[in-house]
Structure formats: C-alpha cells, structure tokens
1. From the residues in the stretch 330-342 that are surrounded by fewer than 20 Cβ atoms within 10 Å (Cβ to Cβ) and under 19 Å from ARG269 (Cβ atoms), which one is nearest to the chain's Cα centre (by Cα)?
2. Would you mind telling me which numbered condition in (1) over 15 Å from HIS266 (Cβ atoms); (2) surrounded by 13 or more Cβ atoms within 10 Å (Cβ to Cβ) ASP369 fails?
3. Hey, could you check the stretch 203-229 for residues that are farther than 21 Å from LEU173 by Cβ and outside any helix (DSSP H, G or I) and say which is modelled with the highest pLDDT?
4. Return only the number of the condition from (1) under 20 Å from VAL124 (Cβ atoms); (2) in a helix (DSSP H, G or I); (3) not small (Gly, Ala, Ser) that VAL364 does not satisfy.
5. Would you mind stating whether GLY242 is of a type in the set (Gly, Ala, Ser) and crowded, with 21+ Cβ neighbours inside 10 Å?
6. For the structure I just gave you, tell me whether ARG87 is at pLDDT 80 or above, buried (at least 17 other Cβ atoms within 10 Å of the Cβ) and under 27 Å from ARG153 (Cα atoms).
7. What number of residues in the stretch 37-71 are closer than 16 Å to PRO101 by Cα, in a helix (DSSP H, G or I) and among the basic types (Lys, Arg)?
8. Condition (residue is at pLDDT 90 or above and touching a Ser or Thr at 6+ places or on another chain (Cβ under 6 Å)) applied to the stretch 151-173: is it met by at least one residue?
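The values are calculated or read from the model by the stated rules, or taken from the named source; none is laboratory data. Remember, it's a predicted structure, so these values are computed and weren't measured experimentally. Note that each Cβ is placed from the backbone with ideal geometry, even for glycine, and that neighbours are counted across all protein chains shown.
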Amino acid sequence: MKKSVRKPAISQEVQRQLLMPVSEALRKGLMEAVFDEGLKAIATILEAERTAVCGPRYAHQPERRAVRHGHANGELVYGGSRVQLSRPRARGAGGAELQLPSWRVFSDEDPLNSRAVEQMVVGVSTRKYGRSLEPLGFEPKRRGVSKSAVSRRFVATTAARMETWKTRSLKALDLVVLMVDGIHFAENVVLVALGIDASGAKHVLGLWEGATENSTSCTALMTNLRERGLNTERSILVVIDGAKALRKAVVDVFGSKALIQRCQVHKRRNVLDQLPDEKRASTKKAMDQAYATRDVERARRLLNNLARVLSTPHPGAAASLKEGLEETLTVMKLCLPDALAKTLVTTNAIENLMSTNRRVCRNVKRWRDGSMILRWLTTAAIEAESRFHRLKGHKLLPHLVAALREKDASVDLKLESA
C-alpha cells in the first residue's frame, strides 16, 4: 500500500505575494481601460456637436452654417491635471473658429483650482502634488502639476475666495454669543471672531490681522462685523480672552448691549504665569473652587481673598487676578444651567477652529506677509466651518436667549421711564 504524500499547504503570505503582480496588472489595466473609454466618450460627444453645427459628413447642405476643419491638439482636465488629446475643430462664417460647448466644459480650469486647494487643505505640499494624483495606468503627457503651477492656482483661488468670504453679509444671522480670540503666526497675530446663533450653530464671522493688545485692530474687526450687518442693537454675550484693547473695542461698538465674559482659562493662565512653581497648584485649586460655585457672592469673596493673600508676596499675580474679576463672573450672574454655563465661561468653543488652522497651515515654513496668512486662514476657516458641530449644551440656549431678552426689556423700560 502506497503512502499518500501530503502536499504542503501554500501559506496565505505566499498566496498574497503570488497574486500581487496579477492584482497590480488588473488594476493598471482597469485604469487604462477607464481612461481610454472616457476619452472615446468625450470624442464621441465632441464629434456629435460638430455634426450638429456642420451637418453629416459628405452630405450636401445648402444652408450649412459651419464646416469641419480637421483636428488640433488640446487639453482637458482629468485626475487633477491637464491631459493632452486631439479635439475636433469647426469654422463658421468668415472663417472664425467655433468653440464646441462640451469642450468649454471639459477644458475648464476651475476643477483644477478646487483640486489644488483641496490637496493643500488635507496636507499635500505643492512639491508632492503630482505624486498625490491618481495613476492613469499609462502616463499620458500631463501639465499643471509642477510646484509653481499648483502654487499659482492655489494663490489665485484662495485670494478670490477670501475677498468673497470677508465681504459676505451677516444680516441673516441671529447671534446670541460672540467669541473673539487671537492666533499667532510668526510675527503676526490674527484676530478670529466666531458667532453662535440661537440654535447653537457656529459661524466664522471674520479674521483681522493685528494684535489683541492693539485697540486699533480690535476696533477695526468689530466695526467690520457691524458694517457687514451684525446686529448691535440687541444684547449679546461676548466671550473674550481678557485683553483690555479687545474689551474696549467691544464696548465701543456694542455699548451696553454687550455682556462681556472674560475667559476663565485665560485668567487662570495669566495669574499662574506670574507665580513660582510651588505656588501654582494651590492657587489654581483656589481659583477652580471659586469658579465652580454657582453663588456669585461666594465666588467673588473667594477670589478677593485669594488676591489679598497674593498681594504681598506676589503683587503682579494679585493685580492680574483683580483686573476684570467681575467680568469673569458674567455668565454666573445669568444663572444658566451648569452644562451651558461651563461652555460659555471660556473661549474653548473656538479652539476647534484654531486647531484646524494649525493643521491646514502646518506645511508652511515661511510666512511672507500678512496677506498670505489671511489667505491660508480663510481657507482653513471655510474648511472648519463645513465640519462644525453645534455648541456643547446647545439645547439649553433658550435659557441664554431669555436672559438676553430680559436685559433688553429692562433697558427699554428704563429709557421709557427716563
């Protein structure tokens, strides 16, 4: 009796290695087939349009409006680049060349501009743009993928988008919260304004190049928002990082309609930065305890006691704590639900936008000027806005709306009695 010889099983790794060349060949063949069939479809469409204006080939037509004029090399947008192919031509009366409607669409450069911006947003550098495009199975002659070509398209497209974006109207927005913070790029600071409407939706309102410590740039941003239609006649909660110049700009534009909340995170940071390491933990704990209470009087007393304790050994930290202390308690005075109040006492809601700014701009190594910074940040803002979630605790915003309208009513009543 013969012994059966058991053949060794082929391992999955070996099978994978054997199939890889076949799979790669199939993939390249599929890409080539798709591209080839796409070109044939385009050629068919263009020839049909030429026949529509020139009539059937070799047919006698007394009322012929145009004649065929052979073919010429042309380029169309495909896969993020411009690809060369032969296009049919036609001439009308007087020998003027007629442009076929579909060719105008196929050769349009707008898709290339959008593709360049999209690639930059997801982190592809201009040098690596060509490598990020889909392979075509075989390589036709491509144009428009060099570093300089991509850069030119990106600059032109983002500049046009920025002009449109920064002049758009804000009249339709019913905002209840305005948050303003600054983001640093090289030697520049850009002020960012974020609005939150009554439903909790976030809106990037504007960007302004300048420092938060500069009253001129802060006022320019606030004035720009008003001129574009932002309602300054109704009360609104304004959350700021604590800069005096920014506070002054808010008061100048909104007047008594602005309920200013100093960001508690910035306040903690400003105080702790002026203390030695061994004092920071206890001071932070004391400030956390004060801001965690719902009793305004108790919070004020705890903070004033802490300032008194710090006044002799660390007068700078004590002065920083006392400066604008009342405005760190504004939201607490409105008696809002905890989940909503916790969101509104800081500028953290704008941090999602700031992180998107940093991610989109991470490949830029040298900022030439403020205009370049604004173009990139506008692009990042548009990207961030498309991915915004509603404000944390947005279902509780009717409590804030009620508090703001109550303030408006009390102001109107005082004016009538006066």
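1. Result: LYS342.
2. So ASP369 meets the others, but not (2).
3. Checked the stretch 203-229; the qualifying residue modelled with the highest pLDDT is GLU209.
4. The failed condition is (2).
5. yes
6. yes
7. Going through the stretch 37-71 one residue at a time, the tally reaches 1.
8. yes
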